Amino acid sequence: MIRFENVTDGIFRDLSFEIRPGGVCVITTESDFDTAHLARLLLGIARPEEGKVFLFGEDLPRLPEEEITRLCRHVGVVWNSGGLISN
């Protein structure tokens, strides 16, 4: 499960959404930079200025790096230009 709660971080203001287990979602942004930044937030590489990012029920910004790495091993990202990034 992926959930963003009122995330504010530079380009994003009060961003909230949820993707439930087994769900498939396409997220479209205005630029490749925005898409990459959203992926960094989702993978715990970047931390939001405000709000919460949950991955598998865990609040990513509050976790130590080792725990984020463990969770991200279960995540794959497919870019619109193709290719799979698997952690």
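The table for this structure:
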{"quantity": "When residues of region 1-25 are limited to those that are within 13 Å of the chain's Cα centre (by Cα) and modelled with pLDDT under 90, the one farthest from VAL75 (Cα to Cα)", "calculated": "CYS25"}
{"quantity": "Among (1) modelled with pLDDT of 90 or more; (2) exposed (fewer than 14 other Cβ atoms within 10 Å of the Cβ) - the single one SER81 does not satisfy", "calculated": "(1)"}
{"quantity": "Count of region 16-44 residues which are open to solvent by 40 Å² or more (accessible area, probe 1.4 Å) and in contact with a strand residue (DSSP E or B) (Cβ under 7 Å, 6 or more places away or on another chain)", "calculated": "4"}
{"quantity": "Selection from region 4-15 of residues that are charged (D, E, K, R) and open to solvent by less than 60 Å² (accessible area, probe 1.4 Å)", "calculated": "ASP9"}
{"quantity": "Selection count, region 33-57, where residues are part of a helix (DSSP H, G or I) and more than 14 Å from VAL77 (Cα to Cα)", "calculated": "2"}
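The values are calculated or read from the model by the stated rules, or taken from the named source; none is laboratory data. Predicted model only: the values in this text are computed from it and were never measured. Backbone-built Cβ (ideal geometry, glycine too); neighbour counts: all protein chains shown. Keep in mind that these areas ignore ligands, DNA and RNA; they rest on the heavy atoms of the full protein, side chains included. Shrake-Rupley method; radii C 1.70, N 1.55, O 1.52, S 1.80 Å.
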